[in-house]
Structure formats: structure tokens, C-alpha cells
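To keep things clear, I will list the structure first and then write my remarks on it.
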Amino acid sequence: MKICLDAGHYGKYNRSPVNPAYYESDMAWKLQGYLKSALESYGFTVIVTRTSQDKDLALEARGKMSKGCVLFLSLHSNACEDAAVNYPLACCCVSGKADVLGQKLAETVQTVMNIRQNGKIWKRQGTSGDYYGVLRGATSVDTPGILLEHSFHTNAAAANWLLQDANLKKMAQAEADTIAAYYHVKENASTGPAASENKTAPKGSYLVKITCDALNIRKGPGTGYAVVGCIRDRGVYTIIEEKDGWGRLKSGAGWICLNYTAK
Ligand SMILES: [Zn+2]
């Protein structure tokens, strides 16, 4: 399965008014690199719309590069007048083909950034199909397209969070987990657990299969910690640390109770 990633903007573009160190283009470029690696470790083939940060390509042309891909994903952060606004948004192609994954990705961003305002999707129709040029291009080659806004860089908390490389790595892993779960790709499908685990996960980590329909992810190892997510796919996940019968997820999403898993 092939996925096309698009780092939203090139050069130095869309500086944050609340944190001058932040440029949307820089964030998108870094995240694209981390996400490419994370998806490749799941066995996806990943292509990118530009191989150098300072090269641009027309919007529709970028979308059209996704010909033959299962997904076109454009990476952004949003902006508005109100500095208090802070929520993830997935702009999905008007065909509706990306709505389910778009909603999942918006929720993933919300969970990883620990944002209160809910992640959501929307669609915008233009005069000839999709309003957004990149999505119009993707639709023209029959690829479901999502333009994912990693909340608002006009919000100080979001801009500060997105400036940290470690956070972007965590985000990339969580988004790759969500995409892989959506396409039912088991981790390390192409290389086998041992080979890839050694590269990407700390020593002593292992895989578990979820054995119940809905398993809460909590902020810490115990029911006293807040619920930050829920696993509903009975999928296979990597545990990198154990404490009191709880396991920490490699994605950074949180901890799960190991009673509801099989090693
Ligand atoms: Zn943008």
C-alpha cells in the first residue's frame, strides 16, 4: 500500500503571531519526515510531494502525485484571529471517502496534544469539486485526500507544543498507528517483528493482542489515571514498559491494562 505525504508549505511560511519561533512550513516538513519513517516501519510505501523544503509545486499537481496511493495526506497547522481557539481539524475530500480516517486522525491529534476542544472534520466544496487545490488534485486521480490541521498555531500552547521535535515524533508515531489500524496493517508486516522492533522500539518491548472490544488508554498505569483514549480494533500493539500489570504503548498514547491482552 502506497501513501502520499505533503508537507503543507515550503520555505518559511505562516509564522505564528504568538510565538515567532514557529513557522507552519517548518513543522510540516519535520512531521513529514517522522511520519514517513513511522509508516515505512509498518510496511507502507511512502512518497512525498517535495524532496526539498525550499521547492514548491502547484497545489493540484501535488495532489495528482498521489496517483495509485490509498491516501493523500497534507500536513498543516491552522490559524485564526482568536488565540483561544485550539482544536484539530481534518479537511476531507468532498467525495466523503476520507471521512472516517479523517475523524480518527483529528481525534489522534487531539489525544496526543492533550487538547480539550474536540477534533473534527469538515468538507468544503469549490466551483469545480474540492475547494482545496491539493484535495482537488488527489480526487482527480481517485485518491482519498485529507488536509490535516494540527490545531492552531495562533494558540500559544499549540505553537509551543508543535515546536518540540520530541512531540512531533510522538505525533508521527500515533498518526502512523491510526493509519495502520484503519487499513488493518499489522506492525512490521513486511520485515517481521524482530527486525523492526530492534530498530524502532526499546529493548524488552513486546507485542500484545487486545482481547476485548473496548480497552481504555489511561494517562498512567492504573485506573486512577484519566482516560485519554480507547482501543476498539482488537489489534496488535507494542508495549515498551510494564508497571503493576499495566503496559505503556509505544505510540506514546498512554497505558493499557494487560489483563485484557494476550502476549
Ligand atoms: Zn497550511
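None of the figures in this text is laboratory data; all of them are computed from the coordinates on show. These numbers were taken from a predicted model, which means no experiment stands behind them. For neighbour counting, all protein chains shown are included, and Cβ atoms are generated from backbone atoms with ideal geometry for every residue, glycine included.
Treating the angle as unsigned and between 0 and 90°, give the value, to the nearest 10°, between the Cα long axis of helix 24-40 and the longest Cα principal axis of the chain. Helix 24-40 and the main axis of the chain meet at about 50 degrees.
DSSP assigns beta bridges within region 2-182; of those with both partners inside it, close to 30 percent run antiparallel.
Scale the Cα Rg of region 201-262 by the rule-of-thumb value 2.2 N^0.38 Å and send over the ratio, two decimals. Relative to the 2.2 N^0.38 Å estimate, region 201-262 comes out at 0.98.
Pairs over the 23 Å Cα-Cα cut-off, from the set K104/K219; K209/K243; K170/K243; K64/K97; K169/K263; K36/K219: K169/K263; K36/K219. Computed from point charges on the beta carbon alone (+1 for Lys and Arg, -1 for Asp and Glu), the dipole magnitude for region 201-262 about its Cα centre is near 120 Debye. For N78, the residues whose amide H sits under 5 Å from its own are H150, S151, F152, H153, ignoring neighbours fewer than 5 places away on the same chain, with H placed 1.01 Å from N. In a simple Cβ point-charge model (Lys, Arg +1; Asp, Glu -1; nothing else charged), the chain has a dipole of about 380 debye relative to its Cα centre.
Ranked highest first by average number of other Cβ atoms within 10 Å, how do 148-161, 247-260 line up?
Working: 148-161: 23.7, 247-260: 19.7.
Result, highest mean first: 148-161, 247-260.
Ranking P17, T143, W161 by Cα position along the charge dipole of the chain, where only Lys, Arg, Asp and Glu carry charges on their C-beta atoms, puts T143 farthest toward the positive end.
Against the main long axis of the alpha-carbon atoms of the chain, helix 165-182 sits at an angle near 80°. Working note: Karplus 6.51/-1.76/1.60 with θ = phi - 60° gives region 103-111 the couplings 5, 4, 5, 4, 5, 4, 4, 4, 5 Hz, where Gly and Pro are set to x. Taking a ≥ b ≥ c as the square roots of the eigenvalues of the alpha-carbon gyration tensor, region 2-182 is classed rounded because a/c is under 1.5. Near V48, the amide H atoms lying under 5 Å from its own belong to L5; only residues 5 or more places off or on other chains count, and H is placed 1.01 Å from N. Projecting the Cα atoms of T223, L258, G247 onto the charge dipole of region 201-262, computed from C-beta unit charges around the Cα centre, puts G247 farthest toward the positive end.
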